[in-house]
Amino acid sequence: MFLINLTNVMSMHLTIIIVCLLGVLFNPVRTQRPDNYEKLLEKIFDTNSTLNSIFDTKSTEPEQESNLDSQVRICGLNKECVPRSLCNEDGTVKIHGQDLINLRLDTGSPCTYLELCCDVSSKLQQPKEDDVPQRNACGYRNSNGISFKITGAKNNESEFAEFPWIVAIFTKSANKKDYKCGGSILAPNVVLTAAHCLWNLQSASLMIRAGEWDLETTQEPYLHQDTGVSEIIRHEDFNPSTIFNDIALLTLKTPLTWAPNVQPICLPNAGTTFDNKRCFASGWGQDKFGRNGVYQHILKKIELPIVPHATCQTQLRRTRLSRFFQLDKSFLCAGGELGKDTCKGDGGSPLSCPDPNNPERYIQAGVVSWGVECGVENVPGVYANVAYLRDWIIGKLVTRGIDTKFFTP
């Protein structure tokens, strides 16, 4: 049926064109050919031009509505997409509140998962500073998040600002930046990370992002802070072959500003042990080992047990490392539970343990370093031992005039 109709339309159209052309050519009033005769013939017998003119309806359609108009039309009168933390249960704007977010929301909504359609006929207001905890002291974990609490966290997603000391380290070139590894805040202008992450890199190629949570959105209640790196301080005895002393410090070009999502982590005293304690590792690394692993865009967390040094060495000797393997004192181990581990891309990220004197406060026990596999039972992951390397950290910072009060419990 469609072919018959199309043929009839084209025949009628061609007949009309020929009649009009004959009328122009044999008009008794005008005996000479029109000046644009050749152009007219070309246009009439140009099949593509003719078909396009028949079926081109774009000129009769209304202009594309703006994003705001489209959003208002979908949300309703006086409504638009706003952060969930500003929207009450009855759909009106509020100053600040705690809403539940399901990370597996229906994608049919015009808003992102961090937004809701909300009545904005009244003035939007930012959260009050005194509504959000900000202790400006090291190691305080926001276990329930800030401004909202997620539900449906099936893949170990952390709460927003749950670990306000973690940073993402990027390499940058031209207008491109690539996620490299993680790190932790020790002071407004100091980040702790792993030396292996920065091997053969220059400070000018690095960018630090603090206060980040979801790498693919800027809709978080508090924005992240970006700054460059002025100096890379690698441990002099770091060995890229054995990964001994896998630790480095970054001094920042612009000091970070303390905020609910940007706070320092505490450091342990030299010689502190965390054997058999359950601690949190966090990062944006791959979800599994190998080429099928996928980097995460929402900060993940995993609770792991600290494995005593001798036990870890015994377990690692059962792997391809062989019975001759010796675990250096600059390492500590955590994990060994099936399906629970840090992985590629988590390097440099912190392993944080509760302070035995104050369980609400956390101390950085380790820096993600290396592993034989990811998430294999009785095969722990290996971390730089921060307590063992603490004196080196303090020595480097003191010589640069950086106050140790920021990371002292």
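The values are calculated or read from the model by the stated rules, or taken from the named source; none is laboratory data. Worth saying up front: this structure is predicted, and the values here are computed from it rather than measured. Because the Cβ atoms are built from the backbone with ideal geometry, glycine has one as well, and the counts that use them run over all protein chains shown. All accessible areas refer to the heavy atoms of the entire protein, side chains included, with ligands and DNA or RNA removed. Shrake-Rupley method; radii C 1.70, N 1.55, O 1.52, S 1.80 Å.
One table, with the values for the structure above:
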| read-out | value |
| --- | --- |
| Whichever residue in segment 147-202 is buried (at least 18 other Cβ atoms within 10 Å of the Cβ) and of a type in the set (S, T, N, Q) and, among such residues, is nearest to residue 284 (Cα to Cα) | 158 |
| Segment 359-379: number of residues that are over 20 Å from residue 320 (Cβ atoms) and modelled with pLDDT of 90 or more | 8 |
| Strands (runs of 3 or more DSSP E) (entirely within segment 319-392) containing at least 2 residues that are of a type outside the set (Lys, Arg), in contact with a Ser or Thr (Cβ under 8 Å, 6 or more places away or on another chain) and under 23 Å from residue 140 (Cα atoms) | 350-355, 358-370, 380-385 |
| Yes/no for residue 302 being surrounded by 15 or more Cβ atoms within 10 Å (Cβ to Cβ) and in contact (Cβ under 8 Å) with a residue 12 or more places away in the chain | yes |
| Residues of segment 231-277 that turn out to be in contact with a Gly (Cβ under 6 Å, 6 or more places away or on another chain) and either without any contact (Cβ under 8 Å) to a residue 60 or more places away in the chain or open to solvent by 60 Å² or more (accessible area, probe 1.4 Å) (or both), as a count | 1 |
| Checklist (1) of a type in the set (S, T, N, Q); (2) at pLDDT 95 or above; (3) surrounded by fewer than 17 Cβ atoms within 10 Å (Cβ to Cβ) applied to residue 385, failing item | (3) |
